[in-house]
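Following: one structure in C-alpha cells, then a few remarks.
The values are calculated or read from the model by the stated rules, or taken from the named source; none is laboratory data. All values derive from a computational prediction rather than experimental measurement. Cβ placement follows ideal geometry from the backbone for every residue including glycine, while neighbour counts extend to all protein chains displayed. The accessibility values were calculated without ligands, DNA or RNA, using every heavy atom of the protein model including side chains. Shrake-Rupley method; radii C 1.70, N 1.55, O 1.52, S 1.80 Å.
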Amino acid sequence: FQKHEFFVDMTCEGCSNAVSRVLHRLGGVQFDIDLPNKKVCIDSEHNIDTLLETLKKTGKNASYLGEKSAQ
C-alpha cells in the first residue's frame, strides 16, 4: 500500500476520534493520527479523493500533503 499524508485541522482528542470513526467506517485503512502536527498518515488502497472526502466528513478542513515514503 502507498502511505498518504493528510492535513486535518484537529484541535483536540474529540477531533482525532472523529477522524478515527470516519476512517473505520470506510474500512480497508490503517492510519496514524499525529494530533499535535494536525496530520493523518493513511495506509490504504483507496484513492486519494475517497480518503479526502472521508476526512472532510468530520467537518474539519482537510487537505492532501503527499505520499509518505515508507521507512
inquiry  = Checking residue 5 against (1) touching a residue at least 12 places away in the same chain (Cβ under 8 Å); (2) open to solvent by 70 Å² or more (accessible area, probe 1.4 Å): exactly one of these is not met. Which one?
reply    = (2)
inquiry  = Condition first: aromatic (Phe, Trp, Tyr) and under 16 Å from residue 65 (Cβ atoms). Now tell me which residues in the range 1-52 satisfy that.
reply    = 6, 7, 31
message = Checking the conditions here, which among 16, 69 is under 10 Å from the mean Cα position of the chain (by Cα) and among the hydroxyl-bearing types (Ser, Thr, Tyr)?
response = 16
message = Condition (residue is on the phi > 0 side of the Ramachandran plot and surrounded by fewer than 17 Cβ atoms within 10 Å (Cβ to Cβ)) applied to the range 15-36: is it met by at least one residue?
response = yes
